[in-house]
Amino acid sequence: MREDLSAKVVIWGPAKAGKTTVLKFIASRVRSDHRGELSSYPAGSDTTVLYDQLTIQLGDVKGIRTEFQLYTVPGNPSFLATQKRLLLDVAGVIFVADSDRNRVAENSDSIRDLLAILREYGKDITLFPFVFLYNKQDLPTALSIDRLNHDLNRFGAPSLETVATEGRNILQGLTLVSRAVIKTHQRLLATRAKVTGPQKIAPPSPTERPVEMNQLAVSPIPPAHRDDPFGFPREESTQVKQVAPTTPIDEEVTRIGMSPSLQRQNPTSPGAATSNPTHDLQLTQCGTPTIVGPTSIAVPVTFLSKQSNAVFNTTITITIDPLKPDRSQLNP
């Protein structure tokens, strides 16, 4: 069976934060034979307000034919219907914030609206592929990345300082979110395999040569930098800011960090409890189950550590055995 991944990544942010500039730079750095045309479409009856779309083909990534559909979203909240439509079935988000200190309110309103729609669609933001690009860092009125993370990034997503007009850190942001999307898809395939058994993935046809990732970018890629999905060269000065601390309760909680929705204390911080938090966890909340296989569901859950008051989010996968009647209770 042939596995394909066509993932939608939405570039979100307030109006005039630089979303279209980000997408145009990405289009300029990907070889023309591995991308579609950068297209613009009216967001509604007002044909002067547009959203943009770009398709990038990665070729085969570990036996999976992979492409990304990149969309910018109109930043004006009056286009809510278009925003919600573009977020339907989204696989990852790049949030482009305006670093200008005079646009704090617009950034806050934009992230609030985004998270509300993602919650409406049943997305767990602590598990969702997400990256912040703090754009216009070249302005004299730009806020620091620490201040922007404090204001916007309550769930520990990776963040980068960017200048879209120069292309600074734009490709690095795309690489971060694309890696996360691919890993999420691989986990989904692994979950399905546990339920239905492993399935052999068909190799590419003889006429379809797998794309070498280091051949995708316009510029030649040094061998040391060829582990990115897009094969883009890294900027050695790039600093990816990770905000939320993590606690090694288990592999999943370590990966996703702590819940941003409740006040919490990091158990590894000075003065906090150092005992194993798994001994005193209390289940405080169960989310809406999602079907992930013919006999399997995934349930987002929240745990509270009674010793440290730390809150942890994770997802429990439940496999339901086929129901069989108890024949001993049947009448002869």
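The values are calculated or read from the model by the stated rules, or taken from the named source; none is laboratory data. On a predicted model such as this, the values are computed, not experimentally measured, just so you know. Please note: Cβ atoms are built from the backbone with ideal geometry, for glycine as well, and neighbour counts cover all protein chains shown.
Of note:
- Of the residues making up the range 86-95, at least one is in a helix (DSSP H, G or I) and either among the small types (Gly, Ala, Ser) or at pLDDT below 95 (or both).
- Subset of the range 93-139 that is small (Gly, Ala, Ser) and under 24 Å from VAL49 (Cβ atoms) - its residue that is farthest from the chain's Cα centre (by Cα): ALA105
- Filter pass, SER110 being in contact (Cβ under 8 Å) with a residue 12 or more places away in the chain, in contact with a Leu (Cβ under 7 Å, 6 or more places away or on another chain) and either of a type in the set (S, T, N, Q) or in a loop (DSSP other than H, G, I, E, B) (or both): no
- Residues (touching a residue at least 60 places away in the same chain (Cβ under 8 Å), outside any loop (DSSP other than H, G, I, E, B) and farther than 13 Å from LYS136 by Cβ) located in the range 161-176: LEU171, GLN172, GLY173, LEU174, LEU176
- Where ILE56 falls short, out of the listed (1) over 22 Å from GLN137 (Cβ atoms); (2) within 19 Å of the chain's Cα centre (by Cα); (3) assigned to a helix (DSSP H, G or I): (3)
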